[in-house]
Amino acid sequence: MAKYFFVQHQNVEIITENGAPRGGSVVETLVWMKALNSLGNSVLQAKYEEDQRVLKKEFNWVELVPTYNSRKFKKTLVWYTYRLPKLFLALKKSKPDVVYTSIPQWHTFYLG
């Protein structure tokens, strides 16, 4: 079946121990993730490199993919020089069929 890569980092909050989920898009995305998994698809979720929390037992079917360190390089051009290249590397390594973002942002254009 297909591999679905969810790139919104806030989704990790609802599937990890000690998470603090906020917003309806996270809940909506969880419904998509569960439905895709029940249909036999692989579900990959982006996470920050420094996030060491473990998945809740009921979400062991989600594969967490480290993307970049969110605390590194707090300068203006960090998206172009560090974060986007690291995100593209994570996408290249995981080889997803579909990339899904719950809340499109300015960098979604580059992911497309």
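The values are calculated or read from the model by the stated rules, or taken from the named source; none is laboratory data. What you see is a predicted model, and the numbers here were worked out from it, not measured in a lab. So basically every Cβ, Gly included, is an ideal-geometry build from the backbone, and we count neighbours across all protein chains shown. Remember, those area values only see protein heavy atoms, side chains included, never the ligands or the DNA or RNA. Shrake-Rupley method; radii C 1.70, N 1.55, O 1.52, S 1.80 Å.
Going by the alpha-carbon gyration tensor, a ≥ b ≥ c the square roots of its eigenvalues, is region 70-112 rounded (a/c under 1.5) or, if a/c is not under 1.5, prolate (a/b greater than b/c) versus oblate? In terms of gyration-tensor shape, oblate. Say the dipole of the chain comes from +1 at the beta carbon of Lys and Arg and -1 at that of Asp and Glu; which of 80, 66, 94 then lies farthest toward its positive end? Of the candidates, 80 comes out farthest on the positive side.
Looking at region 1-59 from every direction and averaging, what is the projected area of its Cα convex hull in nm²? Spell out each step's value before the answer.
Values: hull surface 16.0 nm².
Value for region 1-59: 4.0 nm².
Over the chain, with every protein chain in place, what whole percent of the accessible area is carbon and sulfur at 1.4 Å, could you tell me? Heavy-atom surface of the chain belonging to carbon and sulfur, 1.4 Å probe: 56 percent.
Within the set 34/75; 34/95; 34/93; 72/95, which residue pairs have Cα atoms separated by over 28 Å? Table pairs above 28 Å Cα-Cα are 34/75.
Among beta bridges identified by DSSP and lying wholly in the chain, the antiparallel ones come to about 10 percent. Mean residue ellipticity at 222 nm, helices only, the chain: -8500 deg cm²/dmol; runs of at least 4 DSSP H residues each add -39,500 (n - 2.57), and the sum is divided by the number of residues.
Relative to the dominant Cα principal axis of the chain, helix 24-38 is inclined by about 60°. Around the amide H of residue 70, modelled in the peptide plane, lie the amide H atoms of 49, 50, all under 5 Å away and 5 or more residues distant in sequence or on another chain. Dividing the convex hull volume of the alpha-carbon atoms in the chain by its residue count gives 103 Å³ per residue. For the chain, the solvent-accessible area with a 1.4 angstrom probe is 62 square angstrom per residue.
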